[in-house]
Amino acid sequence: MSLLIPLYVHPAEDPGAWHRLITCATRTYAVVLNPANGPGEARDPAFATAAGALRAAGARVLGYLDMDYGVRDPARITEELRRHQEWYAVDGCFLDQAPADSRGLPGCRRLVRSARGLGASTVVLNPGVHPAPGYARLADLTVTFEGPWSSYVSDFSRPAWTERLPAERLCHLVHGVPEPLVPLAVRTAGERGAGVCGPVTGDLPNPWARLTPALAGADR
């Protein structure tokens, strides 16, 4: 089991979290870099330094891009990817709030093709739910669950098409996990067919604002 880590806090605000993340970088699938709901309007030296340290430690770094469920202009999204690449040398992109129904599939396909044409070696789609099956064929990794631990325990169901995919193509992001249950959340993701997960103890409105203290040992 590997870990997808969206750490949406400035490195200057919580340098300890970034340091811990760098020390366990080789055990991550990727780290999502999100300076300002995307790359921001100018290069942030603190994020550039953090991204460089992560890469040097062996982590894959992905730039955060918001699709707004297919509403945002694809040209703006690809321009943001270019800024991520220029300022932070990201390896690929994390397409958040991706659409999930079949109507959004052609547009998403074109966007992913553009991202790969710009050199994105890894593309992660995050609809946060099980999308139409075609989406999973576009991405290297698809987040098929994003939500609270309470829902993950009680409401999760897995469509049959996911059973035909290798586990390393699926990810579950679970927030609000009681700290003692983080290892259980990792095991549960594996039992439900996801080879990548991201359990955090934080909760809304920004559960990814800090690194779960137990996360470095979650896959032991």
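The values are calculated or read from the model by the stated rules, or taken from the named source; none is laboratory data. Just so you know, these numbers come straight off a predicted model, no measurement behind them. Every residue, glycine as well, gets a Cβ built from its backbone with ideal geometry; the counts of neighbours run over all protein chains shown. Quick note on the areas: whole protein, heavy atoms, side chains included, nothing else; ligands and nucleic acids left out. Shrake-Rupley method; radii C 1.70, N 1.55, O 1.52, S 1.80 Å.
Rounded to the nearest 20, the Cβ-based charge dipole of the range 145-205 about its Cα centre (Lys and Arg +1, Asp and Glu -1) stands at 220 debye.
Students often check this: by mean Cβ neighbours within 10 Å, which of 127-135, 106-114 ranks highest, and how do the rest follow? Before the final figure, lay out each step's value.
Values: 127-135: 18.8, 106-114: 16.4.
Highest-to-lowest ranking by the protection proxy: 127-135, 106-114.
Per-residue Karplus couplings for the range 95-102, computed as 6.51 cos²θ - 1.76 cosθ + 1.60 with θ equal to phi - 60°, are listed in order as 8, 7, 6, 6, x, 10, 8, 5 Hz, Gly and Pro entered as x.
Does the range 96-150 classify as rounded, prolate or oblate by the C-alpha gyration tensor (a ≥ b ≥ c root eigenvalues; a/c under 1.5 gives rounded; else a/b over b/c gives prolate, otherwise oblate)? Because a/c hits 1.5 or more and a/b fails to exceed b/c, the range 96-150 counts as oblate.
About the Cα centre, and with charges only on the beta carbon of Lys, Arg (+1) and Asp, Glu (-1), how big is the dipole of the chain? Nearest 20 debye, please.
On the way: 22 positive and 22 negative charges, 141 e Å.
Here the size comes out at about 680 debye.
Could you tell me what % of all Cα pairs in the range 63-106 have separations over 11 Å? Working shown, then result.
Details: 614 of 946 pairs.
That tail contains 65 percent of the Cα-Cα pairs.
Viscosity 1.567 mPa s, temperature 4 °C: what is the translational diffusion coefficient of the range 1-127 from Stokes-Einstein with a Kirkwood Rh over Cα pairs, rounded to a whole number of µm²/s?
Details: Rh = 14.6 Å.
D = 89 µm²/s.
If I model the range 137-220 as equal point scatterers sitting on the Cα atoms and use the Debye formula, what is log10 I(q)/I(0) at q = 0.14, 0.16, 0.26 Å⁻¹? Ignoring solvent entirely, the Cα scatterers give -0.44, -0.58, -1.33. Hey, what D do you get for the chain in µm²/s if you plug the Kirkwood alpha-carbon radius into Stokes-Einstein at 37 °C and 0.692 mPa s? The calculation lands on 191 µm²/s. Placing dummy labels 7 Å off each Cα toward the beta-carbon, the span from residue 57 to residue 187 is 2.7 nm. Taking a spot 7 Å from the Cα of residue 19 along the direction of its beta carbon, which residues of the range 41-63 have an amide N less than 16 Å from it? 50, 53-54, by backbone N distance to the label point. When the Cα positions of 40, 139, 6 are compared along the charge dipole of the chain, 139 comes out farthest toward the positive end, with charges on each C-beta of Lys, Arg, Asp and Glu. May I ask you to list the residues of the range 94-124 whose amide nitrogen lies under 17 Å from a point 7 Å from Cα along the Cα→beta-carbon direction of residue 73? The answer is 111.
Ignoring ligands, DNA and RNA, what percent of the accessible area of the range 1-147 is carbon or sulfur (1.4 Å)? Walk me through the intermediate numbers first.
Numbers: 2980 of 6010 Å².
Carbon and sulfur atoms account for 50 percent of the accessible area of the range 1-147.
A straight chain from residue 132 to residue 103 at 0.36 nm per residue would run longer than the Cα-Cα distance by 9.5 nm.
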